[in-house]
Structure formats: structure tokens, C-alpha cells
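The values are calculated or read from the model by the stated rules, or taken from the named source; none is laboratory data. On a predicted model such as this, the values are computed, not experimentally measured, just so you know. In this analysis, Cβ positions are derived from the backbone assuming ideal geometry, glycine residues included, and neighbour counts consider all displayed protein chains. The protein model used for the area step is the full one, side chains on, heavy atoms only, and it has no ligands, DNA or RNA in it. Shrake-Rupley method; radii C 1.70, N 1.55, O 1.52, S 1.80 Å.
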Amino acid sequence: RYATPAAAAIEERARAWILDLLGLPATSSVGFTTGGTMANFVGLASGRGAVLEAAGWNVNRDGLTGAPGVTVLAGAEVHSSVGLVLRYLGLGEPTLVASDDQGRIRLDALADALETVSGPVIVALQAGNLHSGAFGLWATASPRWAGALDGLATADSWATDAHKTPNVPYDCGVAIVARAGAAQSAFTAHTSYFIRDAAGVVDPMDRVPELSRRSRGIPVWAALRSLGRSGTVALIEGLAANARSLAEGLSSIAGVEVLNDVVFTQISVAFGSNERTRAVTQALIDDGVVYSPVQRQRALLVLQVREHRRDPPVHVPLVGEAELDEHRRGVLLDRRLGQVQLLAHRRVGATLRDEGQHIALPVGEIGQSRRRSPGMHEGCHDVGVYA
């Protein structure tokens, strides 16, 4: 924050907008990570510290040797990144709980599992699996879909990727932790050469694992600034409507089977035999327009409905350093980011304006804003609950 105040100010604004859009506690910590895996790392590391502290153990000081065992419960179709992160954190494999046919954890099975656990426990939840998609975290921004995720705000942490629905570039995970102090306890480094603005002011690096990191919050800020609240809602609802329309069209074709409940933006499709499904998928890939992997156990094509804005960029005038005002006039980023200039003509508040404003970012270290990015799966947005 001391060295790059403009970048820190933009990330702080992006943090406030994300929490406002998703209806999550306004005091939550929001860190921008390399992707969903490290977003899960932030949430689970924060949870590990919190549950062990509640059990009288300081993991930062004493490590895990001799610590009370931490049980992690997860659905039987939990995303592989959760297991990977648990290995990073020294917690081992999760205890799996039965899921339904859409990959959602069964609440009756979870209640039974919790009855058998003693000591510190973390519950990792996801609204579907890799193939069903079910609901993504961004759906909560839409009044139409928010009710389907009722109770989401009562979790302790949430992990997602900003490249999924807002379509910012890769390398932009979002890690949200309700108890901001838990994240800061896990990730804040104390050393004399880190110059702090003032006591109690949190630096962006205090919320994520890396000390050296690019300003990942800037593409998120630009995307949300360009869309506005109404544009973000329209994007989300448009993606979901397109997915349902595509599913209906596919279902009307003889020999095509839609395998999941298409409730948000993801469709799992089979074309009869495994061989035919693989052949259709390869033909789509060879065409160069669509890319989608095929599941190995049973061949199925997973389609993720994405939208890429193709509007020509609106270039904004340059801002001189003398005119710099982080909160009112815009920001001039440091030369490390290629002299990127962003201009916001009106005051930017903690609540995202309804209408969007075009923001032009050149291709460079911070990536391509609002341009076509590689296809990505929707769903598997993880939330953590710890006790």
C-alpha cells in the first residue's frame, strides 16, 4: 500500500464491490489469488487456524506436531483442488460425505457425519460438482437466482474465480473470509522493511499467500466498473438463459442426452456411445470455436456458457501525476504495469453504480480486459464452514 497506493486503492474498491454484489458481510477479507485452488487455500488455512485456536492451539507458533486433529468433511464429489490444498496444509484427505446425483452434498448424510466427529472440524461445501455446475457464487448477484443460494452468507469463507462469470483473464482467484482477522493471522508477515501506512491498515498481501504478486484486483475492478450492477446482473441472467436454451435445443436432437439439471450455466451432454461422444467433442475442438474436455469414466461433453464482449474499447484521456486522486479522479499505475492509465470520471463508492462505464486496458502484464478468454468450467465454487 505504501509503495503502490493506487493499486491498493483499486483492490480495496474491488473488494467492497464484490462483497456488495454477492451479499456477503461487508467486513470480510477479500484476497486476489492465482486461481481457485489458492482461493481454497486461503479459506482452508484461515479455517485451520481458527478451529485450532478455538481448541487452545496456536498453529502459527507451534505448528501441527502435537496439535489436535482437524477433521475436514466434504462431499463425495468434492473438487480435486480441495484435496490438493488439504495436503499443502498438512491436514490430509477429507472425510467424504454422500452426494446426490448432481454432486451436491446430502444434508442428511452431513448431519450424520457431524454426529460422529469430536474435536475441531471444517466443512467444505460446493453447489454441485465439476460436471453439473449447479450454482456458481456469482449467481447471488442476480435477484432471480439469489434465493437458490439462501444461507450462503452464513459460511465462514468462500472461494471462486473472477474469470468464470465476469470474464477477466486467468490468474484471478477470489478468496473471501468472513473473519478478516483469521486470514490476516494466517498470511500477514512482519518485518522491518515492510512500510505500513498506519496501524490497523491491511495491505493486499496480508490476505493472500504471496508477498510478490501482481495487482490481480485491477482487472476485476475494470470488469465491474464497465458492467455496473445492472450489467453484471444482465450478464449472469443472460448466461443462465442461454444455457437453458442450448440444453433445450440439444435435448430435441435424437441420440443426444442432457445429463444434468441445467439450472445455471453448465450443460453435461452425451451423444449415445462413449466413442460417438468423443468424436463429436473432437470435431468441435477441431473446428476451433469450442473447447471442452471429455470425462474419462463415461464420455460426456461439458459445455460452459460464456459471453465475451466484443465492443470496441473506449480510450480515456491520460491523467497526469499531479492530478492523481485515488478516490475521485482515477488512478495512474506504476511503470511496472506498463504505464496503464484508468480514468473514472465520477466518484467511485463502496456500492457499485447501477450503470457501467467503459474502461480500456491495454494488453500487458495485467492481461486482456473484456476480451475473449479460454473457455472455463462454471460451478465448483467452494465455501467453508468451520466450528
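Of note:
- Take the conditions (1) farther than 27 Å from Val269 by Cβ; (2) in contact with a helix residue (DSSP H, G or I) (Cβ under 7 Å, 6 or more places away or on another chain); (3) at pLDDT below 85; Asp206 misses just one of them, which is (3).
- Sole exception among (1) of a type outside the set (D, E, K, R); (2) closer than 21 Å to Gly35 by Cα; (3) touching a Leu at 6+ places or on another chain (Cβ under 8 Å); (4) assigned to a loop (DSSP other than H, G, I, E, B) for Ala189, by number: (2)
- Residue selected from the range 32-64 under the condition touching a residue at least 12 places away in the same chain (Cβ under 8 Å) and among the aromatic types (Phe, Trp, Tyr), by the criterion least open to solvent (accessible area, probe 1.4 Å): Phe32
- For the range 242-252, the condition holds for no residue, the condition being that it is modelled with pLDDT under 90, within 28 Å of Ala141 (Cα to Cα), touching a strand residue (DSSP E or B) at 6+ places or on another chain (Cβ under 8 Å) and not in a helix (DSSP H, G or I).
- Pair list, Cβ < 6 Å and 6+ apart or interchain, from the range 273-287 residues that are closer than 14 Å to Gly255 by Cα to residues that are of a type in the set (Phe, Trp, Tyr) and surrounded by 13 or more Cβ atoms within 10 Å (Cβ to Cβ): Thr277/Phe271; Val280/Phe271
- Test: Thr37 is β-branched (Val, Ile, Thr) and either assigned to a strand (DSSP E or B) or over 15 Å from Val208 (Cα atoms) (or both): no
- So Leu239, is it at pLDDT 90 or above and within 27 Å of Thr33 (Cβ to Cβ): no
- Selected residue (criterion: farthest from Met38 (Cα to Cα)) from residues of the range 192-203 that are modelled with pLDDT under 75 and open to solvent by less than 70 Å² (accessible area, probe 1.4 Å): Ala198
- Filter pass, Ser132 being modelled with pLDDT under 95, among the small types (Gly, Ala, Ser) and within 18 Å of the chain's Cα centre (by Cα): yes
- Residues in the range 133-156 that are of a type outside the set (A, V, I, L, M) and open to solvent by less than 10 Å² (accessible area, probe 1.4 Å): Gly133, Gly136, Trp138, Ser142.
- Of the residues examined, Ala146 is one that is of a type outside the set (Asp, Glu), touching a helix residue (DSSP H, G or I) at 6+ places or on another chain (Cβ under 8 Å), more than 30 Å from Leu52 (Cβ to Cβ) and modelled with pLDDT under 90.
- A Cβ distance below 7 Å, combined with a sequence gap of six or more or placement on separate chains, defines the contacts here; from the range 242-262, residues that are over 18 Å from Phe135 (Cβ atoms) and of a type outside the set (Ser, Thr, Tyr) reach no residue that is open to solvent by 70 Å² or more (accessible area, probe 1.4 Å) and outside any helix (DSSP H, G or I).
- Looking only at the range 88-130, residues that are open to solvent by 80 Å² or more (accessible area, probe 1.4 Å) and in a strand (DSSP E or B) come to 1 in all.
- If you go through the range 210-247 and keep only what is farther than 25 Å from Asn260 by Cβ, of a type in the set (A, V, I, L, M, F, W, C) and open to solvent by 10 Å² or more (accessible area, probe 1.4 Å), you end up with Leu211, Trp221, Leu227.
- Between Ala9, Ala26, Ala67, the distinction of being open to solvent by less than 50 Å² (accessible area, probe 1.4 Å), out of contact with any Lys or Arg (no Cβ under 7 Å at 6 or more places or on another chain) and not in a helix (DSSP H, G or I) belongs to Ala67 only.
- Those residues of the range 168-185 which are open to solvent by 40 Å² or more (accessible area, probe 1.4 Å), small (Gly, Ala, Ser) and within 21 Å of the chain's Cα centre (by Cα), in sequence order: Gly181
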